[in-house]
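Heads up: the structure comes next, in structure tokens.
Nothing in this text is a laboratory measurement; each read-out follows from the coordinates by a stated rule. Keep in mind it's a predicted model, so treat the numbers as computed, not measured. Cβ coordinates were reconstructed from backbone atoms using ideal geometry, including for glycine residues, and neighbour counts include every protein chain displayed.
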Amino acid sequence: MIKGFIMTVPFLDALKHRVLICDGAMGTMLYSSGVFLNRSFEELNLSEPDRVASVHRSYLNAGADVIESNTFGCNALKLETFGIRNKIKQINDAGVRLAREVADEKAYVAGAIGPLGVLIEPYGKTTQEEAEIYFCEHASLLSDAGVDLFMLETFCSVGELLIAVRALKKIQDLPVVAQFTMSSNNETTDSASPELCARKLQDEGVSVIGINCGSGPASMLEIAKRVASVVKKPLSVQPNAGLPRLVEGRTMYLSSPDYLASYSKRFVNCGARLVGGCCGTTPAHISQIRSAVSCGQTGDKL
């Protein structure tokens, strides 16, 4: 990687030249470092910035080309559950700043945006208009803080994902990686197939269509093939390191770095241009993915 390449090569242009590597799980790393699950992981951007920066740095050193800000749950509704809604700007600003300081012109900074954490009509009380306002607020803060792209991830409802996409399009013309998550029967919670999700996202004009989280790399490969068969957009694939298992009182993900890396090459072969990891993945996983994907890849330096 050439220091300073992001200053001259926009994200989407770089994606055309070679496969980019995204980072892995933030929550897994923070939890393993001793952060309790009943805390807001995003608030750590303010109270324990060194801990968050350390995770970013580990992924950068492992070979990540894209570092996601620690802002996945930094929308007004989720912060309200922790009583810190009034800190939404400070937390998002700090999340982007920490990622940017670590990236230091060696990686792109993606503004991570997750679901609102509430049911949206017709399944819940939150209206689609209200949901769009929340997403607009979150995206505006990330855009103002200076992200290179938006990363929408772990959306179990394609309906909510489409609301988020439309909100982002009102904010700024930044690249949007829109990722949905499938249940064990390969449907979203609103009963959409991978093909339907992909077509809807392509129609909305997102930059990259992605899938993340899920039950592991094997099932995600099948979904990726189905998505690739119906759209022409570049794909993003970021699986969990398998499903979590309770082993001697500890929650563990059992897909090894080597195992996940072996699938990353298959993801690339079916059209993935952005490959990384979700829950349970670590810098060791990303390092192995980097090695596997870079092997035989031309144009690794821009």
Subject >> Two-decimal Rg/Rh across the chain, once Rg and the Kirkwood Rh are taken from alpha-carbon atoms >> reply: 0.93
Subject >> Residues PHE180, PHE82, PHE36, sorted so that the one with the fewest Cβ neighbours within 10 Å comes first >> reply: PHE36, PHE82, PHE180
Subject >> Exposure proxy ranking, count of Cβ atoms within 10 Å, fewest first, for LEU152, LEU201 >> reply: LEU201, LEU152
Original post:
Assuming R0 = 51 Å, what is the FRET efficiency of THR81 and CYS295, from their Cβ-Cβ distance, to the nearest 0.05?
Top reply: 0.70
Original post:
Among the lysines, which fall within straight-line cross-link reach of LYS106, defined as a Cα-Cα distance under 17 Å, with same-chain neighbours fewer than 8 residues apart omitted?
Top reply: LYS3, LYS301
**OP:** Give, as ranges by residue number, the residues of the stretch 151-189 whose backbone N falls under 20 Å from the point 7 Å along Cα→Cβ of ILE133.
**Re:** 160-172
Original post:
Mind checking Rg over Rh on the stretch 8-133, alpha carbons, Kirkwood formula for Rh?
Top reply: 1.01
Original post:
Taking LYS232 as the anchor, which aspartates and glutamates have their alpha carbon closer than 15 Å to its alpha carbon, excluding any fewer than eight residues away along the same chain?
Top reply: GLU195, ASP203, GLU204
Subject >> Note, ³J(HN,Hα) from phi for the stretch 176-183, Karplus 6.51, -1.76, 1.60, rounded to Hz, x at Gly and Pro >> reply: 10, 9, 10, 10, 10, 10, 9, 7
**OP:** Grab the beta carbon distance between ASP203 and VAL9, set R0 = 25 Å, and tell me the FRET efficiency rounded to 0.05.
**Re:** 0.35
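Compute the length gained on full extension between ASN269 and THR189: take 0.36 nm times their separation in residues and subtract their Cα-Cα distance, giving the result in nm to one decimal.
Additional length available on full extension: 26.0 nm.
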**OP:** Please arrange LYS78, LYS87 by counting, for each residue, the other beta carbons lying within 10 Å of its beta carbon, fewest first.
**Re:** LYS87, LYS78
**OP:** Provide the convex hull volume over Cα atoms per residue for the stretch 156-230, in Å³.
**Re:** 76 Å³
**OP:** Name the helices (complete DSSP H segments) of the chain with a Cα length along the long axis of 15 Å or more and a Kyte-Doolittle mean of at least 0.5, or state none.
**Re:** 158-169
